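Here is the structure we will look at.
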Amino acid sequence: MDLGTVIGLVLVLALLFGAMAMGVGIGAYIDIPSVLIVIGGSIASLLISFKMEQMKNFVKIFMIAVKPPQQDVPGLIKKLVEYATQARRDGILALETAANNEENEFLKKGLSMAVDGNEPDTIRDLLEIEMDQTNTRHKSNSSIFSNWSGLAGAMGMIGTLIGLVAMLLNMADPSAIGPSMAVALLTTMYGAMIGNIFGGPISNILNIRNDDEMLVMQIIVEGIMSIQAGDNPRTLEGKLLSYLPPSHRESQFD
């Protein structure tokens, strides 16, 4: 679990509901018509905006924000340097077993192509195509939540207009003014909560997760190309460590 994301979600919900409870009580902020307009309406609009297979993965995509795949970048660099050392000592064909046993599919694909003797330009092109497609797919998934933020806010405004129209049409009936005003105000609140608690922040953290994965894939590409070229392992390590912040750069040759 990413503690920052989890703590942030729990904290903001606790603060909001706590403030409501200390006021007039949480019950006063629950309005079914407003829920139908904002949550139901925004999700229905998302179904129009995105492919069904993307929407089927809505919860799975959300969980990536909460529980992201673990990326041990220093460990990956160490592994690539070890592969480079073995290839330089025994020849690149000595990495065939390592390629077959590699758990990282992207690294496995690159190593296998290098062992099979593919041209460097071919390997780089194929790996970069996969990087681009992965980046495009992840950006599309994160845009579900950024769009949800905007749609929820828009549905909140629509709900406000619906409530105001109902209120103005029933000015002669004082008992109808209260429920109409509740719809008018609560839909705006629901839209703002969805957009600023879930939509925008989740979209942002998903983009950060994507950037982290792109960094890992870029390190793998550079590592594979250097291994195939027969670069000195120390030179390779220096190149790959440059992708990390200075505080995370720890050479195994020191």
What percentage of all Cα-Cα pairs in the range 180-228 are separated by more than 14 Å? 69
Using the crude model of +1 on Lys and Arg Cβ and -1 on Asp and Glu Cβ, and no other charge, please compute the dipole size for the chain relative to its Cα centre, in debye to 20. 660
Which whole-number percentage describes the relative contact order of the range 1-120, with Cα contacts under 8 Å and a sequence gap of 6 or more? 20
Using the C-alpha gyration tensor of the range 22-139, what are the square roots of 5 times its eigenvalues, in whole angstrom, with the largest one first? 49, 19, 9
Full-extension gain in nm, A14 to A154, via 0.36 nm per residue minus C-alpha separation: 47.9 nm
Using the heavy atoms of the protein chains and a 1.4 angstrom probe, tell me the accessible area per residue for the chain in square angstrom. 55
With the convex hull built on the alpha-carbon atoms of the range 37-100, volume per residue in Å³ sits at 137
Can you give the Kirkwood hydrodynamic radius of the range 91-195 from its Cα pairs, in Å with one decimal? 18.4
log10 of Debye I(q)/I(0), alpha-carbon scatterers only, for the range 15-65 at 0.29 Å⁻¹: -0.99
Of the residues V35, V221, V12, which exhibits the maximal mean-square fluctuation in a Gaussian network model of the chain defined by a 10 Å Cα contact cut-off? V12
How big, on average over all directions, is the shadow cast by the Cα convex hull of the chain, in nm²? 17.6
Quick one: compute the contact order of the chain, relative version, from alpha carbon pairs under 8 angstrom and 6+ residues apart, as a percent. 30
In what sequence, highest mean first, do 131-137, 148-154 appear when ranked by Cβ atoms within 10 angstrom? 148-154, 131-137
Extension gain M55-S247, at 0.36 nm per residue separation less the Cα-Cα distance, in nm? 65.2 nm
Which shape class applies to the range 121-254: rounded if a/c is under 1.5, otherwise prolate when a/b exceeds b/c and oblate if not, where a ≥ b ≥ c are the square roots of the Cα gyration tensor eigenvalues? prolate
Fully extended, how many nm does the chain gain between L168 and M63 (0.36 nm per residue separation, minus their Cα-Cα distance)? 33.5 nm
Only residues of the range 41-84 count here: report those whose backbone N is under 13 Å from the spot 7 Å along Cα→Cβ of S143, or say none. 49-51
Of the heavy-atom accessible surface of the range 21-158 (probe 1.4 angstrom), what whole percent is carbon and sulfur? 57
Can you work out the FRET efficiency for the pair Q71 and I32, with r the C-beta to C-beta distance and R0 = 41 Å, to the nearest 0.05? 0.45
Computed helical MRE - 222 nm, the chain, DSSP H runs ≥ 4 contributing -39500 (n - 2.57), nearest 500: -25000 deg cm²/dmol
How much accessible surface does K78 have with a 1.4 Å probe, in Å² rounded to 10? 100
Going from most exposed to least, what order do S247, S45 have by accessible area with a 1.4 Å probe? S247, S45
If you average 1/r over every pair of different alpha-carbon atoms in the range 78-122 and take one over that average, what Kirkwood value in Å do you get? 10.5
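The values are calculated or read from the model by the stated rules, or taken from the named source; none is laboratory data. Note that the coordinates shown come from a computational prediction; the quantities given were computed from them, not determined experimentally. Quick reminder, even Gly has a Cβ in these numbers, built from the backbone with ideal geometry, and neighbours come from all protein chains shown. Protein only, heavy atoms only, side chains kept; ligands, DNA and RNA dropped before computing areas. Shrake-Rupley method; radii C 1.70, N 1.55, O 1.52, S 1.80 Å.
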